[in-house]
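S.K.: Would you mind keeping the following structure in view while I ask a few things?
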Amino acid sequence: MKKIVMITGATSGIGEACARVFTSAGYHVILTGRNRTRLDELCDGFMKAYGPDCVMPLCYDVCDLDACTRAVESLPAGWKDIDVLVNNAGLALGLEPEYEGDPADWSTMIDTNIKGLLNMTRIIVPGMVERNCGHVINMGSVAGDAAYAGGNVYCATKSAVKALTDGLRIDLAHTPIRVTLIKPGLVETNFSRVRFHGDNDRAARVYSGIEPLTGADIADTVLYAVQAPAHVQIAEVLVLATHQANGSVICRR
Ligand code: NDP
Ligand code: 8X3
């Protein structure tokens, strides 16, 4: 029977790479994000490669609980029983000291990384409990293990993702539903362009002098966790570039 994977933030970076890995492995994938043009473009490509019913685009903002609910309710028959939820949508904004940060950036990070993840969990997991099967993958970060300079609020949101993942795993321990936290280090995506509000040069410097991870490296880890035997729960995985030791120690050439 076909397995359905829902990926939030599938229009770019790690989420897009997860969509590639899961479609090519034969899963049916719901791609979500706010960028409708990119969603349609990606889905067209996947349908050409893997057939007309391999993907389903859903355009909405994870911060908006009503929009999340409406989007999930709009799924056609055959797409509603989600087997795997990849809570990936997220972002960092700014790298200022905490006492100089922009409160609007703080709200966007908290609303997306914490409340967006909670919105999707609240909507999708009850169906998994009812069907007695499922897997939730939350995208944490090495940033959630310890704060780094200027990381303050972003690091706090990823620490919250760790706590929420652990909490969900405890709350679901009486079920066969598995809960996994993936904690990537430096992955070259649109992440730093978004963080620095479109400053491409500054974004490029984040990945200079080191071979960073790619979205595909993380997607392979997600697929590994999902394909582990049913009695194996990959609880938490920290994935770093070889020359990164933690959120602060990066050895550049
Ligand atoms: P990208 O900027 O490349 O992708 C972010 C994705 O999140 C986009 O698809 C974007 O879609 C989506 N998104 C952002 N805000 C919203 C929103 N309000 N509603 C719906 N979708 C949203 O970054 P990454 O792929 O790198 O980031 C993905 C996740 O991985 C994030 O949670 C990030 O914190 C985490 N991470 C990234 C690391 C890195 O070094 N890159 C390392 C560790 C963790 P759209 O614009 O279409 O809405
Ligand atoms: C993204 C990785 O180290 O830039 O979570 O915060 S880092």
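Rule-based calculations on the coordinates, nothing more; no lab input. Remember, predicted model here, so these are calculated numbers, not experimental data. Every residue, glycine among them, receives a Cβ derived from its backbone with ideal geometry; neighbour counts consider all protein chains shown.
S.K.: Could you please report the charge total around Glu96, scoring K, R as +1 and D, E as -1 over all other residues with beta-carbon less than 12 angstrom from its beta-carbon?
M.R.: Details: positive: Arg195; negative: Glu98, Glu100, Asp102, Asp105.
My count for the surroundings of Glu96 gives -3.
S.K.: How high is the FRET efficiency between Ala77 and Asp220 when r is their beta carbon distance and R₀ equals 22 Å, given to the nearest 0.05?
M.R.: Numbers: r = 32 Å, r/R0 = 1.44.
Working from the Cβ atoms, E equals 0.10.
S.K.: So, one more: Residues with beta-carbon under 11 Å from that of Ile82, excluding Ile82: net charge, scoring Lys, Arg +1 and Asp, Glu -1? Please list the in-between numbers first.
M.R.: Numbers: positive: Lys3, Lys80, Arg131; negative: Asp81, Asp83.
With Lys, Arg at +1 and Asp, Glu at -1, the neighbours total +1.
S.K.: Can you put Cys251, Cys59 in order, fewest other beta carbons within 10 Å first?
M.R.: Details: Cys251 11, Cys59 17.
The order, fewest Cβ neighbours first, is Cys251, Cys59.
S.K.: Moving on. Simple spin-label model, 7 Å along Cα-to-Cβ: Thr37 to Asn190 in nm?
M.R.: 1.1 nm
S.K.: Then there's this: If the chain between Asp199 and Val232 were fully stretched, how many nm would it gain, using 0.36 nm times the residue separation less the Cα-Cα distance?
M.R.: On the way: separation 33, 0.36 × 33 = 11.88 nm, distance 4.24 nm.
So the extension gain works out to 7.6 nm.
S.K.: Considering the dipole of the chain built from charges on the beta carbon (Lys and Arg +1, Asp and Glu -1) around the Cα centre, which of Gln227, Leu168, Ala19 is farthest to its positive end?
M.R.: So the residue we want is Gln227.
S.K.: For Val239 and Asp171, calculate 0.36 nm times their separation in residues minus their Cα-Cα distance, and state this gained length in nm to one decimal.
M.R.: Working: separation 68, 0.36 × 68 = 24.48 nm, distance 2.57 nm.
Result: 21.9 nm gained on full extension.
S.K.: Separate question: Once label points are set 7 Å from the Cα along Cα→Cβ at both Ala149 and Asn246, what is their separation, rounded to one decimal in nm?
M.R.: 1.6 nm
S.K.: To the nearest 20 Debye, how big is the dipole of the chain about its Cα centre, given +1 on the beta carbon of each Lys and Arg and -1 on that of each Asp and Glu?
M.R.: Working: 23 positive and 28 negative charges, 97 e Å.
Result for the chain is approximately 460 debye, rounded to the nearest 20.
S.K.: Once you compute Rg and the Kirkwood Rh from C-alpha atoms, what is the Rg to Rh ratio for the chain? Walk me through the intermediate numbers first.
M.R.: Values: Rg = 17.5 Å, Rh = 18.4 Å.
Rounded to two decimals, Rg over Rh is 0.95.
S.K.: Ok, one more. If I require 27 Å or longer along the helix axis, counting alpha carbons, and a Kyte-Doolittle average no lower than -1.0, what helices from the chain are left? Use full DSSP H segments.
M.R.: Values: long enough: 152-171 (28 Å, 0.08).
Those that clear 27 Å and a mean of -1.0 are 152-171.
S.K.: So for the stretch 50-158, Kirkwood radius off the Cα pairs, Stokes-Einstein at 4 °C and 1.567 mPa s: how many µm² s⁻¹?
M.R.: Values: Rh = 15.5 Å.
Rounded, D is 83 µm²/s.
S.K.: Another question, if that's okay. So what's the back-of-envelope 222 nm ellipticity for the chain, counting only DSSP H runs of four-plus at -39500 (n - 2.57) apiece and dividing by all residues, rounded to 500? Don't skip to the answer; put the middle values down first.
M.R.: Values: 9 runs with 103 residues, N = 253.
Helix-only estimate at 222 nm: -12500 deg cm²/dmol.
S.K.: Just to be sure I understand the model, the point goes 7 Å from the Cα along the line to the Cβ. What's the resulting Asp44 to Ser208 distance in nm?
M.R.: 3.6 nm
S.K.: Nothing charged except the Cβ atoms of Lys and Arg (+1) and of Asp and Glu (-1): what's the magnitude of the dipole of the stretch 128-226 about its Cα centre? Round to the nearest 20 debye. Walk me through the numbers on the way to the answer.
M.R.: Details: 10 positive and 10 negative charges, 38 e Å.
For the stretch 128-226, the charge dipole is close to 180 debye.
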